[in-house]
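Working notes for the structure below.
The values are calculated or read from the model by the stated rules, or taken from the named source; none is laboratory data. Keep in mind it's a predicted model, so treat the numbers as computed, not measured. As a convention, Cβ positions derive from the backbone with ideal geometry for all residues, glycine included, and neighbour counts pool all protein chains shown.
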Amino acid sequence: MKFTELDLPEEVLKGIEAVGFTELTPVQEESIPLALQGKDVAGQAQTGTGKTAAFLISLFTRMLRNPRETGSDPRALIMAPTRELVVQIVDDAKGLGAFCPFKVQAIFGGVDYDKQRQALRGGVDIIVATPGRLIDYARQKVFSFKNIESVVIDEADRMFDMGFVKDLRYILRKLPSFEKRQTMLFSATLSPRVMELAYEFMDLAERVKIEPEQVTAERIEQILYHVSRREKFPLLMGLLRREEEAERVLIFVNTKKEAEHLTERLKANDLKAAVISGDIQQTKRMRILDEFKEGRLRFLVATDVASRGIHIEAVSHVINYDIPQDPEDYVHRIGRTARAGAEGKAISFADEDLVFHLPDIEEYIGRKIPSTFPEEDDFVWDYKRPSPRKKAPVPEKVAPTAEKKKRKRRPKRRGPKTGEPSAKKD
């Protein structure tokens with residue numbers, strides 16, 4: 001089905017054409033017509049299937065057909081669990097909404113507080129936000145929820161995982177009642193806890209569900225190597241030399257310490273790499289992501305903070321240097337490649353410590369991951385080791401001066417029985 005077959009405003013069709021979209025993905029084909037009818041939608045959507053475009057197109061259409069008469073309070077609210085996802089949604093909104101007269105504002109922590117507050121005071125049409133800072137501005141009465149007509153909850157399952165559900169419920173209770181607004185909820189899994197949220201805050205939501213065999217994108221070529229921990233980096237070096245099409249590579253590890261260590265090893269072997277994890281300053285994270293998107297950075301090493309919310313075109317390879325412990329994280333990680341109909345490759349290393357998580361992953365995705373044992377030629381053992389970091393010199397201990405030494409007090413001489421001072425000798 002093509003977008004031109006939908007009953008969409010001219011401004012929206014121009015935006016769709018400008019970003020190069022022509023045919024709807026399965027998620028879009030099922031959810032957009034329902035949303036255009038004014039129905040609430042609860043959709044199970046894997047990463048990279050076009051769900052962001054689905055709710056943005058529906059949102060823009062509703063707002064264009066019901067223009068605001070007066071006021072400057074926001075009309076639509078999109079909530080996401082991570083700052084990266086907020087930034088990506090705003091970027092997509094600017095592309096698809098290039099011909100729409102709407103002001104879109106991102107709200108999240110880690111960047112200029114006053115600048116975002118002034119933007120809200122100046123009036124916006126659509127807010128895209130993480131819950132925390134949004135609640136802070138609302139409590140200060142910087143803006144009002146009273147004129148919200150449409151709400152989108154993206155990555156609802158991740159909201160639960162990251163502990164945002166309490167904040168999410170607080171915001172939803174501050175909005176107009178569900179009969180007076182349209183709500184769209186998207187999640188990688190429509191688990192009972194997610195559906196409980198839908199039943200409580202949505203108006204008889206239409207459920208859109210992807211079949212289990214579609215949990216991972218069809219165009220992702222998956223391969224798993226059984227390898228020991230000490231062989232992982234030599235194998236990685238060998239695969240990177242052999243994979244000539246590995247132009248933009250996203251490498252996932254399970255811990256921040258491992259991410260930093262792996263990045264240093266890549267740099268030591270003249271491979272331009274950077275690390276992104278949860279505690280890196282937001283401005284630096286955004287700069288690194290921009291370099292990766294623009295092709296100035298070939299390798300990005302990340303923890304699971306980056307497995308969702310990063311939409312980067314032409315990620316050729318995703319490498320699970322560490323097998324994730326959560327099956328859903330595997331799906332979100334490899335979903336960073338083969339986006340928007342492209343093809344991609346997902347390579348995973350199963351070592352002796354993490355291989356035990358493999359059965360749960362394969363059960364979740366509904367199939368076995370093709371696996372193999374590497375050949376000797378696949379390893380590169382003559383890689384360079386990073387230079388050891390110099391430790392800061394420990395200052396020498398200075399012997400205390402005589403004045404600082406504690407003087408021991410001489411006890412008074414006392415009598416053997418009575419405890420009275422001994423008599424002085426004549």
*From the list Gly123, Gly132, Gly110, pick out the single residue that is within 22 Å of the chain's Cα centre (by Cα) and on the phi > 0 side of the Ramachandran plot.*
Gly110
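For the stretch 17-50, give me each residue that is assigned to a helix (DSSP H, G or I) and under 14 Å from Met1 (Cα atoms).
Pro26, Val27, Gln28, Glu29, Glu30, Ser31, Ile32, Pro33
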*Determine, yes or no, whether Ala53 is part of a helix (DSSP H, G or I) and in contact (Cβ under 8 Å) with a residue 12 or more places away in the chain.*
yes
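From the list Phe143, Phe99, which one is closer than 16 Å to Pro74 by Cα, in contact (Cβ under 8 Å) with a residue 40 or more places away in the chain and either more than 24 Å from the chain's Cα centre (by Cα) or not in a helix (DSSP H, G or I) (or both)?
Phe143
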*With (1) touching a strand residue (DSSP E or B) at 6+ places or on another chain (Cβ under 6 Å); (2) surrounded by 19 or more Cβ atoms within 10 Å (Cβ to Cβ); (3) among the charged types (D, E, K, R) as the list, and Glu23 as the residue in question, which single condition is left unmet?*
(2)
_Residue list for the stretch 49-76, restricted to those being within 19 Å of Arg121 (Cα to Cα) and either touching a Phe, Trp or Tyr at 6+ places or on another chain (Cβ under 7 Å) or surrounded by fewer than 23 Cβ atoms within 10 Å (Cβ to Cβ) (or both)_ = Arg68, Glu69, Thr70, Gly71, Ser72, Asp73, Pro74, Arg75
*Would it be correct to say that Leu224 is of a type outside the set (Asp, Glu), part of a strand (DSSP E or B), more than 30 Å from Val87 (Cβ to Cβ) and modelled with pLDDT of 85 or more?*
yes
*Among the helices (runs of 4 or more DSSP H) lying completely within the stretch 148-204, list those that include at least 2 residues that are surrounded by fewer than 16 Cβ atoms within 10 Å (Cβ to Cβ).*
165-174, 192-201
